[in-house]
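Here the structure is laid out as structure tokens; the discussion comes afterwards.
Every number in this text was worked out from the coordinates using simple rules, so none of it is lab data. No experiment lies behind these values; they were computed from the predicted model shown. Please note: Cβ atoms are built from the backbone with ideal geometry, for glycine as well, and neighbour counts cover all protein chains shown.
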Amino acid sequence: MDKIKLPYIPTNSPKIAFATLGCKVNQYETQLLREKFEKIGFTPVPFSQEADIYLINTCTVTQRADRKSRELIAKARKRKRGACLIVTGCYAEAESKKLEESFPGLNFIIGNKDKLKIPQFFGGKENKREAFSSIRYFYGHNRAFIKIEDGCNQFCSYCRIPYVRGEKIKSRSIKDILSEIKNLISSGFKEIVLTGVNLGLYGKDRGASLVDLLKEIELLQGEFRVRLSSLEPHLLTKELVTFMAESLKICPHLHLPLQSGDAYILERMGRKYSPSQYQSLVEIIREEIPFIGLSTDVMVGFPGEEEEHFLNTLHFVQRIGFNRIHIFTFSPRPGTRAYSMRPLINEEVKRRRAKRLREIAKNSSRKFISRFLGNTLEVLVEGRDNSKEDLLSGYTENYIRVFLKGDEKLENKIVRVKLTEAYEGWAQGELV
């Protein structure tokens, strides 16, 4: 622990507020902390309310994430004078000294390796299996995320994650994961999302594989489905694709980060595949699972990305036809190889390229959804959405967002829905 100052905490129903930035792994770890604090008598409250402790689980994947982390710290300081402020996560791991200088008086600045020990300073007991404790519910979500792996040893040139999460691969045992899934099914969760710092590396340290785990999950009883979070393309095996095609539990959806559709830029990024290899993989997947949903990440403005390189990405994305694309601009991360790469791309050029790519993404999404008009798909209803005339919303198994009319009783149920209209990023549907 980098810095510890224990303030006064009331003994009668102390309140704790959580804020989480970044990936599903971070969200899972916040849930673990929430349950640990509940066990020792703390009452979780929304971050917008007064609390005795504010715990901020930060992210550092981009400059924007760094900025958001600092903004949340500033908000917490203003919310209640004298409250205990705890900053943890990847930004705390990477920039503890900067945080200490920017926010003097922080009670805790704690990196990832000690994150789950925080409750011990407030009366929690140490658990020898602390690194992979189990959750029983997931606050604020209809889908429960389960962290099954930690660590990444791939070292893409732009990425800070191996430095702040560690390069050593740590996989949970299949037995522990199955136990946690059973708990969540018993708590009423209908969708389990398997996640990790680099999910495709699951089991490498145990002589096992992701398919080994999925085969065991397939045997579990209950009405539920399983979704895989982001998988690196070069780590996706033919065995996994075949198993997904035959599975009754695994959602036909894959998130395969592309980053660039240009061979030169991919090489500079340190990615371990070429555009042609990525396209061949997609062809194999779609041959086995024709109705699969494919989503991706694309980065624009990487150092050295000339207009021709960007156009290669633009055309590649059009050819593949993703149903969802997360677009972001290059953000130089201290300590990475790309931090000193040149030439840098002008910010206005980055914004223009991102805008062009977003238009392609909208058209691609609508085209994908249109393929399923008139078809009946299974939707996990997540709740009512006030932005769409108070309609219910949820996701199909192949990750199409659907809005439909219906009663609140449908919330957290998997229902059959006929898709009737296709839009950019979502579909209208009606109950069957």
**Report entry** Potential lengthening between Lys249 and Arg384 on full extension [0.36 nm per residue; Cα-Cα distance subtracted]
**Finding:** 46.0 nm
Report summary line: Cα extents of the chain along the principal axes, largest first, in whole Å, come to 60, 55, 49
**Report entry** For Gly293, distant residues with modelled amide H under 5 Å away
**Finding:** His253, Leu254
Report task. For the range 212-219, take each phi angle, set θ = phi - 60°, evaluate the Karplus expression 6.51 cos²θ - 1.76 cosθ + 1.60, and give the result in whole Hz per residue in order, putting x for glycine and proline. Result -> 4, 5, 4, 4, 6, 4, 4, 7
Query raised in the report: Which ordering of Asp407, Asp52, Asp262 is given by a fewest-first count of other beta-carbon atoms within 10 Å?
Result: Asp407, Asp52, Asp262
Report task. Quick one: work out the % antiparallel among DSSP beta bridges in the range 276-432, nearest 5. Result -> 70
Query raised in the report: Per the helix-only calculation at 222 nm, which mean residue ellipticity applies to the chain, given -39500 (n - 2.57) for every DSSP H run of n ≥ 4 and division by its residues, nearest 500 deg cm²/dmol?
Result: -10000 deg cm²/dmol
Query raised in the report: Among bridges DSSP assigns within the range 1-112, what percent are antiparallel (round to 5)?
Result: 5
Query - Sorted by Cβ density within 10 Å, fewest first, the residues Leu254, Leu311 - result: Leu311, Leu254
Query - Share antiparallel - DSSP beta bridges, the chain, percent rounded to 5 - result: 35
Report task. Scan around Cys84 for amide H atoms under 5 Å from its own, H built in the peptide plane at 1.01 Å from N, and keep only partners 5 or more places away or cross-chain. Result -> Ile53, Tyr54
Query raised in the report: Nearest 20 debye, what's the magnitude of the dipole of the chain about its Cα centre given +1 on Lys and Arg Cβ and -1 on Asp and Glu Cβ?
Result: 1080
Report summary line: Of Arg371, Arg34, Arg136, the most mobile residue in a GNM of the chain (C-alpha springs, cutoff 10 Å) is Arg371
Query raised in the report: How big is the Kirkwood radius of the range 376-431, worked out from every pair of different alpha carbons and given in Å to one decimal?
Result: 10.7
Report task. Calculate the dipole size of the range 306-397 relative to its Cα centre from +1 charges on Lys and Arg beta carbons and -1 charges on Asp and Glu beta carbons; express the result in debye to the nearest 20. Result -> 400
Report summary line: The exposure ranking of Glu167, Glu347, fewest beta-carbon neighbours within 10 Å first, is Glu347, Glu167
Requested in this report: Search the structure for amide H atoms under 5 Å from the amide H of Glu397, placed 1.01 Å from N in the peptide plane, and list their residues when 5 or more places away or on another chain.
Outcome: Glu378
Requested in this report: May I ask for the distance between the Cα centers of the range 178-194 and the range 365-426, given as a whole number of Å?
Outcome: 22
Requested in this report: Just the isolated ones, please: cysteines in the chain lacking another cysteine beta carbon under 4.7 angstrom.
Outcome: Cys23, Cys59, Cys84, Cys90, Cys152, Cys251
